[in-house]
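Below is one structure, written out as C-alpha cells; comments come after it.
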Amino acid sequence: MAGPDREAGFSLIEVLAALALSTLMIVAAFETFGTYTQLTRHRVQATAARHLARRLLAEGATGQGQTQGLRWQAVTYPLAPGVIQRRIVVSSHTAVILTTTQAELLGAAP
C-alpha cells in the first residue's frame with residue numbers, strides 16, 4: 001500500500017520561488033528594453049545632429065537657430081590671412097550633442 005494521500009501539485013515555497021524568479025526576469029527585461037530605447041533615441045539624435053552640422057558647414061551658415069528640435073550655433077573665426085575656421089555646436093534642450101570645426105581657405109573652390 002502507498003503512503004498517505006497527497007494531492008499532486010506545488011508547495012507554497014515552490015510557487016513563491018517561481019514567482020520571485022519570474023519577477024526578477026521581468027524587471028531585467030524592462031531595464032534592458034529601457035536601455036535599448038534610450039540608446040536608440042541617442043543614436044537618432046546624434047545622426048540628425050551630424051546631418052545638420054554638415055548642412056550648416058556646406059551652406060557656410062553663421063549665427064544660431066533651431067531646427068528639428070535641435071539648437072545650433074555657427075561661428076566663423078579668422079585663423080590666418082586667407083584662412084578661416086568654422087565651428088558648429090549642435091545641442092538638445094539638455095546637452096551638447098556635437099561640436100565640429102572645419103578650416104577653409106578663402107576663395108578656394110569647395
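Read-outs: derived from the displayed coordinates by stated rules, not from any lab. Note that the structure is a prediction, hence the values are computed from the model and not measured. No Cβ is skipped: glycine too gets one built from the backbone with ideal geometry, and neighbour counts run over all protein chains shown.
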Residue in the range 51-58 that is in contact with a Lys or Arg (Cβ under 9 Å, 6 or more places away or on another chain), surrounded by 13 or more Cβ atoms within 10 Å (Cβ to Cβ), of a type in the set (A, V, I, L, M) and part of a helix (DSSP H, G or I) present:
yes
Can you tell me which residue is nearest to Arg50 (Cα to Cα) among those in the range 82-95 that are surrounded by 13 or more Cβ atoms within 10 Å (Cβ to Cβ) and under 24 Å from the mean Cα position of the chain (by Cα)?
Val90
Residue satisfying condition, being surrounded by 13 or more Cβ atoms within 10 Å (Cβ to Cβ) and either in a helix (DSSP H, G or I) or in contact with a strand residue (DSSP E or B) (Cβ under 8 Å, 6 or more places away or on another chain) (or both), within set Leu39, Leu79, Leu24, Leu98
Leu98
